[in-house]
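What follows draws every value from the coordinates through simple rules; no lab data is involved. This one's a predicted model, so the numbers in the text were calculated from it and none came from an experiment. Neighbour counts are summed over all protein chains in view; Cβ atoms, including those assigned to glycine, are modelled from backbone coordinates with ideal geometry.
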Amino acid sequence: MNTIKHRGTVRLETGRLILRRFTEDDLVPVFQNCWSDNEVWKWTNYKPMHCIEDVLTSANMFTKKWLEAYDRPSRYSWAIQCKESGEVIGRLFGMHPDDDISQVELAYELGRRWWNQGIMTEAVKAGIDFFFREVGFNRVHAYHADKNLASGRVMQKSGMKYEATLRQACLCNNGLFDKVCYSILTEEST
C-alpha cells in the first residue's frame, strides 16, 4: 500500500490551463462563467446558485471558513483557469480522501462555453496524475448521472474504467438517476 503524502491544493499546469487555489477575486468570474448556468448545476447535488449571494449562503462557498479549508493538507479544490484569457471557468475537486484504502473521489464543473474542447479532460488528467505521483493514492474514482453522458466521456478519456451502474442512486438537481461509477488505479495510469 502506498504511503499518502497530502500536499493540499498546489498549483498545477497543463498546456492550456492553470489549476490553482480559489481566491476571493474568483467568486464573480466562476459564478458568471460556470455556476450561474442551469446546464452546469443541474447535474450537481449542491443547491442551485442564482446569484452571488447564493454562492455564499446556500452553497457556503467563498466564505472565510471555506477559504481557510485550504490550510488542511487534505483539501483539494482547484480553480480551473485558462492560460490564454486568465478567466476562471470551472472547478476540479478531490473529495473524501481516504488514506486507509488509498483513494480519492473526483468531481468537476466547467462553464458551458468551454464544453467539447477537451478542457475538462485535460484538467482531470492533471488531477489524476497529481494524486498518483505526488500524493500517493492508489485509486481515483468518480461517478455521473446516467443521463449526463458528457461527464462520462471525460472519465473515459481520462483513462478511467467503467465499474458499475447503481440503479437510482444519483440524486442531483435534475432528479433521481442511475449512478455510473468509474475509477482508475495507479498501475493503469500513463
GLY136 vs (1) over 27 Å from ALA169 (Cβ atoms); (2) crowded, with 16+ Cβ neighbours inside 10 Å; (3) in contact with a Phe, Trp or Tyr (Cβ under 6 Å, 6 or more places away or on another chain): all pass except (3)
Considering residues that are assigned to a helix (DSSP H, G or I) and either touching a helix residue (DSSP H, G or I) at 6+ places or on another chain (Cβ under 8 Å) or farther than 28 Å from SER58 by Cα (or both), the number found within the range 128-182 is 13
Scanning the range 90-107 for residues that are more than 15 Å from ALA69 (Cα to Cα) and not charged (D, E, K, R), the one surrounded by the fewest Cβ atoms within 10 Å (Cβ to Cβ) turns out to be ILE101
Residues of the range 77-128 being within 12 Å of ARG16 (Cβ to Cβ) and of a type in the set (S, T, N, Q), in sequence order, are GLN81, SER85, GLN117, THR121
If you go through LEU92, LEU110, LEU67, the only one that is touching a Cys at 6+ places or on another chain (Cβ under 9 Å) and touching a residue at least 40 places away in the same chain (Cβ under 8 Å) is LEU110
Checked the range 144-181 for anything under 13 Å from VAL124 (Cα atoms), crowded, with 16+ Cβ neighbours inside 10 Å and not polar (S, T, N, Q); matches are GLY152, VAL154, MET155, GLY159, MET160
